[in-house]
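For reference, the structure discussed in these notes is given below.
The values are calculated or read from the model by the stated rules, or taken from the named source; none is laboratory data. Note that this is a predicted model, so its numbers are computed, not measured. Using ideal geometry, Cβ is built from the backbone for each residue, glycine included, and neighbour counts are taken over all protein chains shown. For accessibility, only protein heavy atoms count, side chains too; no ligands or nucleic acids. Shrake-Rupley method; radii C 1.70, N 1.55, O 1.52, S 1.80 Å.
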Amino acid sequence: MDKKKLLVVDDEEHICNLISLYLSDDFNITLAYDGSSALSAFYQKPFDLIVLDIMLPGLNGWELCRKIRQVTDTPVIMLTAKDDPYDKILGLELGADDYITKPFIPGELLARVKAVLRRFNSTPAENLQIIMYPGIFLNKATYKAEILHQSLELTSKEFNLLWFFASNPGIVLQRENIMQRVWGFDYMGETRAIDNTIKRLRRKLESVPGAPLYIQTVWGLGYRFVVPQDE
């Protein structure tokens with residue numbers, strides 16, 4: 001099983017190294033030492049959880065948490081030396097999932113990370129409102145779709161089709177399955193409508209310069225959504 005991905009953000013290098021040392025057996029760790037670098041890393045690839053210090057140079061942890069919450073519900077654990085109830089309340093109001101103060105015991109942080117992930121992963125997949133892979137962002141609640149941070153103008157059918165593909169990465173989806181899940185079980189039209197809608201969706205995806213080929217044709221079988229590999 002692939003390890004879950006953690007983004008650890010702290011301007012103290014020895015704190016980052018300590019966290020990486022104790023958590024790398026269980027997680028793939030990406031380190032960032034300031035808010036701007038962390039935000040850049042966040043936009044480049046999806047993470048399963050973010051450990052976020054508050055006192056960062058430039059873009060601080062509160063501002064970074066606010067920006068993260070604008071686009072995703074990825075769990076955030078605030079990590080700080082400030083043991084002030086007001087700071088804890090503010091962090092939680094901004095959308096943080098937990099809060100731990102320095103100095104901390106690495107084993108406690110590991111336990112907190114696992115506990116937050118258990119709570120987050122207990123949410124049924126069909127209730128998720130956000131899908132995010134490298135280069136692509138989908139918000140089901142607002143029908144917002146972005147490719148490489150560029151908004152796409154999609155019809156509701158095109159968005160639902162893209163959502164269905166992105167919800168089943170790497171799986172070959174046959175036309176009959178797509179028809180049932182996107183058009184509805186009582187759809188009586190031709191499969192040509194499905195192919196035409198996929199063609200329109202592909203043109204819109206590929207109209208963004210540098211966009212990966214997300215929807216792949218599997219000849220004689222159907223289509224497959226391909227998640228780009230992290231560089």
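Data for the structure
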quantity	calculated
Among residues of the range 99-114, those that are under 17 Å from K5 (Cα atoms) and among the hydrophobic types (A, V, I, L, M, F, W, C), counted	4
Residues of the range 141-155 that turn out to be touching a strand residue (DSSP E or B) at 6+ places or on another chain (Cβ under 8 Å) and among the charged types (D, E, K, R), as a count	2
Test: I68 is buried (at least 20 other Cβ atoms within 10 Å of the Cβ) and under 18 Å from the mean Cα position of the chain (by Cα)	yes
The range 208-227 residues that are farther than 15 Å from A166 by Cβ and in contact (Cβ under 8 Å) with a residue 40 or more places away in the chain, paired with ones that are among the polar types (S, T, N, Q) and open to solvent by less than 70 Å² (accessible area, probe 1.4 Å) (beta carbon under 8 Å, 6 or more apart)	G222/N177
Condition met for A81 (over 19 Å from H149 (Cβ atoms), among the hydrophobic types (A, V, I, L, M, F, W, C) and open to solvent by 10 Å² or more (accessible area, probe 1.4 Å))	yes
Residue that is over 22 Å from the mean Cα position of the chain (by Cα), at pLDDT 90 or above and either of a type in the set (F, W, Y) or part of a helix (DSSP H, G or I) (or both), where the choices are R200, R192, R181	R200
Residue match in the range 40-52 (condition: more than 18 Å from the chain's Cα centre (by Cα) and either open to solvent by 70 Å² or more (accessible area, probe 1.4 Å) or of a type outside the set (D, E) (or both))	no
Scope the range 132-151; condition open to solvent by less than 20 Å² (accessible area, probe 1.4 Å) and free of Cβ contacts under 8 Å to residues at least 60 places away in the same chain; matching residues	L138, A145
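Conditions tested, residue by residue: (1) over 17 Å from Y133 (Cβ atoms); (2) open to solvent by 50 Å² or more (accessible area, probe 1.4 Å); (3) free of Cβ contacts under 8 Å to residues at least 60 places away in the same chain.
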| residue | (1), (2), (3) |
| --- | --- |
| V8 | yes, no, yes |
| L18 | yes, yes, no |
| F27 | yes, no, no |
| A38 | yes, no, yes |
